[in-house]
Protein chains: 2
Amino acid sequence: MAAAMVRTMSTTAAGTPPVSVATINPKLVWVALICDRIAGRLKVSISVLKCEYAVRGEIVTHAQNLQQELQKNPESLPFDEILYCNIGNPQSLGQQPVTYFREVLSLCDHPALLDKSETHALYSSDAIERAWQILEKIPGRATGAYSHSQGIKGLRDEIAAGIAARDGFHASGDNIFLTDGASPAVHMMMQLLISSESDGILCPIPQYPLYSASIALHGGSLVPYFLNEETGWGLDVDELKKQLEEARSKGITVRALVVINPGNPTGQVLVEENQKKIVEFCKNEGLVLLADEVYQENIYVEDKPFHSFKKIARSLGYTDDDLPLVSFQSVSKGYYGECGKRGGYMEITGFSPDVREQIYKVASVNLCSNVSGQILASLVMNPPKAGDESFESFMSERDGILSSLARRAKALEEAFNSLEGITCNKAEGAMYLFPRLHLPQKAIGAAQAVGTAPDAYYAKRLLEATGIVVVPGSGFGQVPGTWHFRCTILPQEDKIPAIVSRLKEFHEKFMDEFRD
Amino acid sequence: MAAAMVRTMSTTAAGTPPVSVATINPKLVWVALICDRIAGRLKVSISVLKCEYAVRGEIVTHAQNLQQELQKNPESLPFDEILYCNIGNPQSLGQQPVTYFREVLSLCDHPALLDKSETHALYSSDAIERAWQILEKIPGRATGAYSHSQGIKGLRDEIAAGIAARDGFHASGDNIFLTDGASPAVHMMMQLLISSESDGILCPIPQYPLYSASIALHGGSLVPYFLNEETGWGLDVDELKKQLEEARSKGITVRALVVINPGNPTGQVLVEENQKKIVEFCKNEGLVLLADEVYQENIYVEDKPFHSFKKIARSLGYTDDDLPLVSFQSVSKGYYGECGKRGGYMEITGFSPDVREQIYKVASVNLCSNVSGQILASLVMNPPKAGDESFESFMSERDGILSSLARRAKALEEAFNSLEGITCNKAEGAMYLFPRLHLPQKAIGAAQAVGTAPDAYYAKRLLEATGIVVVPGSGFGQVPGTWHFRCTILPQEDKIPAIVSRLKEFHEKFMDEFRD
């Protein structure tokens, strides 16, 4: 493990050297050790061993153990609850589901209710109406049947109509693939694009580790491009070009560019001009643009509205013939935060019929995504409209959640920036802050002494002192020699003051302990 | 395409030669052509191109096109509906969901109902009670939160209790991984076991094409063993040994044995003595036993009760130390047939903590399976008990479905066996018949002339004449030179007489056209 640390540390001065999947995470040495230990009967696939997934990694396991300890012996730790700020899981931290969505799901799960008069005492009339409409779109009204492998056609058409209304450009249900959340959609595309490690995927650093994990599982190469922390996690097209050329010079065929907008873990929202340049870059270089747009509803600044990459491409006059484009969306994020429902879709445009057929084939091997998730995806893209019975209460729930998230983002950002040795860009969107730790040399030394990355060391100490779970920046990738952590903005608003004060108290003590 | 045909045909006389994934399906030549056509910008991964998934293949696409034609112009075809007998999708053919299960799901989707007195007018009291119990098992009662990546602990414990009650041996919730149906669980294990094409997986021929597809997608080698049609699709351990040795002699490291019991597409139920020999074989040869047990509730003969492989292994005195064993289960089959809910689990035993950690890691990359599917899996493994309010109506729905399935299996089997040139083993279990076509040489010639496998030719002609969709045996693999098709027993009982007469009429004309 020390070797990996040294390797990471020694690149500090070199600006932004290429980061391979193997150098992102020093834990890989540990993985190599395991590989040796799994001798004989069961050899685990190398690609599985190489895969890492930080947001559910070591620190979370440690937190789960502490939680069990807390249950057995509530007085044993210096806090009374674990606060999971490691993952964008709003309802686990108390966010309530949107009533209208749940009414419709509940009715579709038990369609016999629709024939009973008592149902009107329990459900809003527009939810009942909507459930009828949805059942009409499902062959045989069978919510328990496998659907078409792309998802139920009528629901895909409804989603396409929602996309068209959002973008002002045509969308087609034939281009929608409904999936169990966005993750399987990302895997599907990686499966399609990657044959061997000579196939590269350009990914932001820092990145959501789904991408590094999926590329590792499919045996490809992650080609990193660095977001610029100085310019609010700006995405610089010159950096894309530089990294593309460097990868090509090593014999890697770069197949696609991943852009996460709004950013995860970095929370920035791209401006239109920047997005245009990115589209041009993909078109000129023959890359598939994989646009992770799952945070499209989570924007907390007024001057940066969300623009889908498809809208940008179409507004530049580019058609299906000009570039292949995939947009990922999920019911897990936005104001709905329905992570447990596993709904989502990808919209694919600009692929030849041959390639589409291959995508369909991969989708068909898993038969279909869950029908409740499919229904929810259609609701999210076509929520109640003005005049509907539920419209006002729906809007009040929606706006309540989004404005509270904006306040929480601001409160936490200010708290981080008030601390010695922490700088934090604004969360313009998404559900995260990604503060930078300017750690004293002594703290770095203490981390090295126990064979841990300095940010992982900080996160572990934070957890043990406060019960707050954050993810070390090394799990997302970062400019070597810089240290960060990702913290969600999801704890309920009434808990924020206590979190801020626990955080401050811990941090001040930590700095007192290690100040150079 | 002709080359592939010749290759398949020329092996006819050779008894049971080894079948590689590449020789199962002549369509691969077409795939190679596509591979050449997808030039330039987007190269599709080789493993994706190699993957084939017959149950949603060419014939189904053809059927969907005919269905559209029928909608536009109802008089244009010689039948008035398409009957999808290609896939085990009971509710798409009119099977009704089990009321109690849907009541509980509906309540869990909208927990606010549980606080309202009107709810008692619409739901049975034990369903309300059960929904409360389930919510108590979910942290924060948040059915919309990502769960633990293995699934909600309380639900896993409930499933483990159901397994223990079924088998009479201990089971632990820690060994359960809840998944979106059985397919992702199979992929997860293939992902873990396969590093390269030198890793082999022993699979039955005929097999459910999920296995060949998943092995192809993960770049491994399918090592076939042939089921013996003469002995009712018997699984002969000598055949396993022969194929294992042959694969080893070619440098393939065989990692696991897939057994599907009750069989798919073959419908046989294994007897205890046979299962014991299979367990001994895996133990002696150091293979992981992958037991596909999704049809455990679908048995239509009284003298062959279902025994899980874990029960067999434990009754032989084997523990976790003796062999690694995976059992796959799904909410899509049984009497429930809830395919659209995508629920399922795998129970893994006999793996070291290191390997389990790797399995957990792969599970965590997709975060978790859908929570409704998790809840349903727990209901299926712990349905209403005697004394519960819903027990009698539940048992009546359950037994009604199962006894009807048994009658349908028998009626279709008898119909097939009454036809010239068709022989058909009994469906002892599962949801399928796999009749053998003894085709006249002239029919084989006619198929060859259009570059199609003879069973695919038959299936296409059947579809075009009757609207009945079956899957050609070549999609499952079969002894070269033999021809079959798979037909589900799922059309509703009142439709069976019409199906039988359409089938007979078509078949007689077909034979008249081609009789040598």
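Screening B:GLY387 with (1) part of a helix (DSSP H, G or I); (2) free of Cβ contacts under 8 Å to residues at least 24 places away in the same chain gives one miss only, at (1). Residue-level analysis places B:PHE306 outside the set of residues that are in a helix (DSSP H, G or I), crowded, with 17+ Cβ neighbours inside 10 Å and not hydroxyl-bearing (Ser, Thr, Tyr).
Residues checked against (1) outside any helix (DSSP H, G or I); (2) within 10 Å of chain A (Cβ to nearest Cβ); (3) under 30 Å from B:GLY57 (Cα atoms):
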{"position": "B:ASN86", "(1), (2), (3)": "yes, no, yes"}
{"position": "B:GLN91", "(1), (2), (3)": "no, yes, yes"}
{"position": "B:CYS108", "(1), (2), (3)": "no, yes, no"}
{"position": "B:LEU114", "(1), (2), (3)": "no, no, no"}
{"position": "B:ALA131", "(1), (2), (3)": "no, no, no"}
{"position": "B:GLU136", "(1), (2), (3)": "no, no, no"}
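Checking B:LYS341, B:LYS283, B:LYS311, B:LYS333 one by one, the residue that is more than 22 Å from the chain's Cα centre (by Cα) and either within 14 Å of chain A (Cβ to nearest Cβ) or not hydroxyl-bearing (Ser, Thr, Tyr) (or both) is B:LYS283 and no other. Within the range A:93-106, no residue satisfies the criterion of being more than 9 Å from every other protein chain (Cβ to nearest Cβ) and free of Cβ contacts under 8 Å to residues at least 12 places away in the same chain. What pairs come up if the first residue lies in the range A:443-470 and is open to solvent by 20 Å² or more (accessible area, probe 1.4 Å), the second is assigned to a strand (DSSP E or B) and of a type outside the set (Asp, Glu), and their beta carbons are under 7 Å apart, counting only those six or more places apart or on different chains? Between residues of the range A:443-470 that are open to solvent by 20 Å² or more (accessible area, probe 1.4 Å) and residues that are assigned to a strand (DSSP E or B) and of a type outside the set (Asp, Glu), the close pairs are A:ALA456/A:PRO472.
Do we find that B:ASP167 is in contact with a helix residue (DSSP H, G or I) (Cβ under 6 Å, 6 or more places away or on another chain) and more than 10 Å from every other protein chain (Cβ to nearest Cβ) in this structure? If you could, list the steps in order and put the result at the bottom.
Details: in contact with a helix residue (DSSP H, G or I) (Cβ under 6 Å, 6 or more places away or on another chain): yes; more than 10 Å from every other protein chain (Cβ to nearest Cβ): yes.
Taking the combined requirement at face value, the residue satisfies it.
Using the structure shown, decide if A:GLU389 is open to solvent by 10 Å² or more (accessible area, probe 1.4 Å), among the acidic types (Asp, Glu) and more than 14 Å from chain B (Cβ to nearest Cβ). Spell out the reasoning first.
Details: open to solvent by 10 Å² or more (accessible area, probe 1.4 Å): yes; among the acidic types (Asp, Glu): yes; more than 14 Å from chain B (Cβ to nearest Cβ): yes.
Taking the combined requirement at face value, the residue satisfies it.
Matching residues to (1) assigned to a helix (DSSP H, G or I); (2) outside the structural domain of A:CYS424 (by the TED database); (3) within 24 Å of A:PRO305 (Cβ to Cβ):
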| position | (1), (2), (3) |
| --- | --- |
| A:LEU210 | yes, yes, no |
| A:PRO224 | no, yes, no |
| A:GLN243 | yes, yes, no |
| A:ASN264 | no, yes, yes |
| A:LEU270 | no, yes, yes |
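Being among the hydroxyl-bearing types (Ser, Thr, Tyr), modelled with pLDDT of 95 or more and surrounded by 19 or more Cβ atoms within 10 Å (Cβ to Cβ) is the requirement here; does B:SER124 meet it? Working first, answer last.
Values: among the hydroxyl-bearing types (Ser, Thr, Tyr): yes; modelled with pLDDT of 95 or more: yes; surrounded by 19 or more Cβ atoms within 10 Å (Cβ to Cβ): yes.
Taking the combined requirement at face value, the residue satisfies it.
When the range B:281-298 is filtered for residues that are closer than 19 Å to B:ALA182 by Cα and open to solvent by 40 Å² or more (accessible area, probe 1.4 Å), only B:GLU297 remains.
Any chance the range A:341-352 includes a residue that's out of contact with any strand residue (DSSP E or B) (no Cβ under 8 Å at 6 or more places or on another chain) and open to solvent by 10 Å² or more (accessible area, probe 1.4 Å)? Step through it out loud before you land on a result.
Kept after step one, since they are out of contact with any strand residue (DSSP E or B) (no Cβ under 8 Å at 6 or more places or on another chain), are these residues of the range A:341-352: A:341-342, A:351-352.
Among the residues that remain, those that are also open to solvent by 10 Å² or more (accessible area, probe 1.4 Å) are: A:351-352.
There is at least one residue in the range A:341-352 that is out of contact with any strand residue (DSSP E or B) (no Cβ under 8 Å at 6 or more places or on another chain) and open to solvent by 10 Å² or more (accessible area, probe 1.4 Å).
Criterion applied to A:GLN329, A:GLN358, A:GLN296, A:GLN275 was being part of a loop (DSSP other than H, G, I, E, B), touching a residue at least 24 places away in the same chain (Cβ under 8 Å) and closer than 28 Å to A:GLN243 by Cβ, and the one residue passing it is A:GLN296. Kindly provide the set of residues from the range A:406-437 that are without any contact (Cβ under 8 Å) to a residue 40 or more places away in the chain and in a loop (DSSP other than H, G, I, E, B), ordered by number. Answer for the range A:406-437, where residues must be without any contact (Cβ under 8 Å) to a residue 40 or more places away in the chain and in a loop (DSSP other than H, G, I, E, B): just A:CYS424. For the range A:346-360, the count of residues that are at the interface with chain B (Cβ under 9 Å from one of its Cβ atoms) and closer than 20 Å to B:LYS341 by Cβ is zero.
Listed by first and then second residue, the pairs linking a residue in the range B:369-383 that is within 12 Å of another protein chain (Cβ to nearest Cβ) and more than 19 Å from B:GLY144 (Cβ to Cβ) to a residue that is crowded, with 24+ Cβ neighbours inside 10 Å and among the aliphatic types (A, V, I, L, M), with Cβ atoms under 6 Å apart and 6 or more places separating them unless they lie on different chains, form an empty list. Those residues that are facing chain A (nearest Cβ under 10 Å) and open to solvent by less than 10 Å² (accessible area, probe 1.4 Å), I need them from the range B:190-211; list them, please. Of everything in the range B:190-211, those that are facing chain A (nearest Cβ under 10 Å) and open to solvent by less than 10 Å² (accessible area, probe 1.4 Å) turn out to be B:MET190, B:LEU192, B:LEU193, B:ILE194, B:ASP199, B:PRO209, B:LEU210. Determine whether A:ALA127 is more than 9 Å from chain B (Cβ to nearest Cβ), touching a Phe, Trp or Tyr at 6+ places or on another chain (Cβ under 8 Å) and among the small types (Gly, Ala, Ser). In short, yes. Number of residues in the range A:173-201 that are over 18 Å from A:GLY286 (Cα atoms) and either among the small types (Gly, Ala, Ser) or not assigned by the TED database to the domain that holds A:ILE252 (or both) equals 6.
The values are calculated or read from the model by the stated rules, or taken from the named source; none is laboratory data. On a predicted model such as this, the values are computed, not experimentally measured, just so you know. Because the Cβ atoms are built from the backbone with ideal geometry, glycine has one as well, and the counts that use them run over all protein chains shown. The accessibility values were calculated without ligands, DNA or RNA, using every heavy atom of the protein model including side chains. Shrake-Rupley method; radii C 1.70, N 1.55, O 1.52, S 1.80 Å.
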